[in-house]
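Enquirer: I'd like to ask you about the structure that follows.
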Amino acid sequence: MPAKLKECILKPVTAKHPPIRINTEQTIVGRSPDTLIQDANCSRKQGKLYAMILCIRPWVVAELSLVPVCLKANLKDGYVLVKTLGLNPSVLNGKELQKNVGYEAVHGDTIELLPGMYKYVFEFIYEPSTSPETVSLPKKECKPVDQSSSTGSTGKRSREEHSPSGRKSKRSKADMAEPSPAVKHDSKSPKPTVEAAWQSFDDAQLHIYTSAGVVASEKVAAYDMDGTLIKTKSGNVFPKSIDDWQIAFPEVPGKLKSLHRNGFKLVIFTNQAGIGKGKVRIEDFRQKIEALVRKLSVPMQVFIATGAGKYRKPRPGMWQTLCDSHNDGVAIDRVRSFYVGDAAGRPELKKPIKRKKDH
């Protein structure tokens, strides 16, 4: 029976600073008498770490003021999720952490609160009946957590990206503090799709395109399409023709490829009422989707809502379909997944500046 992880400790490499014990009590990490750090670049409230021991997913959150870092200790699966939120980076296993990108740290990994300074080692404490040597995970190269799924084809855990940097995520900060339900891990690794396929559901109110090479994952990177991944060439709000589109930002292809390499399943959720109203032929739109996926050169699954019913965003019908029947039975971890769109549920505003409502 696998050993049970009891708690996680940040142990200083030098004797200048005391170890930081992450427990159910709030702990301040930064320039303070507790850590003995006196560097002015390290805020007095550099970080707050606290743990809540839950029966399913114990967790640790670190909130930082000037140089925010978020740490989540997953005692069940034996890793700590590390995420930098501020301008000054920390360093994990010699790799400078990117802002708003999550990384998984295991027993024996090292972190520097500031580059080259205040180095600590992650030390995992297990139940008395076992020793760390019998259950600790092997050291790996530090990679962002937009990586592979938590259980790869070798059965080893890899680090994962929590959300893409520099993009608008619809998940609130409160989601970071809420543990997600337990995720089921299949003993068999999901297989990539061999060839592309189209499907239609509910009298063509929902169309789904799955390109070749798509692999189910508990980590999903989901995007709106218009205004997020693509925009019109003409500059109009709505495209003039089926070919009136281009990649919205030069960073899009590279970012998607990075997420794919790191184990995220890439998904598009798009509302296309014009198809349901007969203004756009579904055959033409399918060609557009296939051309977009070829342009991005990355496997993707695309959900298209054509009516005004349960599948149309912001209703959760497309998301629910993904979870229930289009992820090969792999449960999706909402803490590790994200959605990016070009709108944020803003209401109509007439003064001081007129603004239409959006989703």
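The values are calculated or read from the model by the stated rules, or taken from the named source; none is laboratory data. These numbers were taken from a predicted model, which means no experiment stands behind them. Please note: Cβ atoms are built from the backbone with ideal geometry, for glycine as well, and neighbour counts cover all protein chains shown.
Enquirer: From the set of residues in the range 228-252 that are of a type in the set (Val, Ile, Thr) and within 16 Å of Arg286 (Cβ to Cβ), which is surrounded by the most Cβ atoms within 10 Å (Cβ to Cβ)?
Expert: Ile230
Enquirer: Here's a follow-up. Have a look at Ser258, Ser217 and point out the one that is in contact with a Lys or Arg (Cβ under 6 Å, 6 or more places away or on another chain) and surrounded by 15 or more Cβ atoms within 10 Å (Cβ to Cβ).
Expert: Ser217
Enquirer: Restricting to the range 73-127, and then to whatever is touching a helix residue (DSSP H, G or I) at 6+ places or on another chain (Cβ under 9 Å), assigned to a strand (DSSP E or B) and not aliphatic (A, V, I, L, M), can you tell me which residue is modelled with the lowest pLDDT?
Expert: Among those residues, the one meeting the criterion is Lys83.
Enquirer: Further, regarding this structure: Before we move on, is Arg286 farther than 15 Å from Val267 by Cα and either assigned by the TED database to the domain that holds Gly213 or touching an Asp or Glu at 6+ places or on another chain (Cβ under 6 Å) (or both)?
Expert: For Arg286, the condition - farther than 15 Å from Val267 by Cα and either assigned by the TED database to the domain that holds Gly213 or touching an Asp or Glu at 6+ places or on another chain (Cβ under 6 Å) (or both) - is met.
Enquirer: For the range 217-244, give me each residue that is under 15 Å from the mean Cα position of the chain (by Cα) and assigned to a strand (DSSP E or B).
Expert: First pass over the range 217-244, keeping only residues under 15 Å from the mean Cα position of the chain (by Cα): 217-223.
Within the range 217-244, Val220, Ala221, Ala222, Tyr223 meet the criteria.
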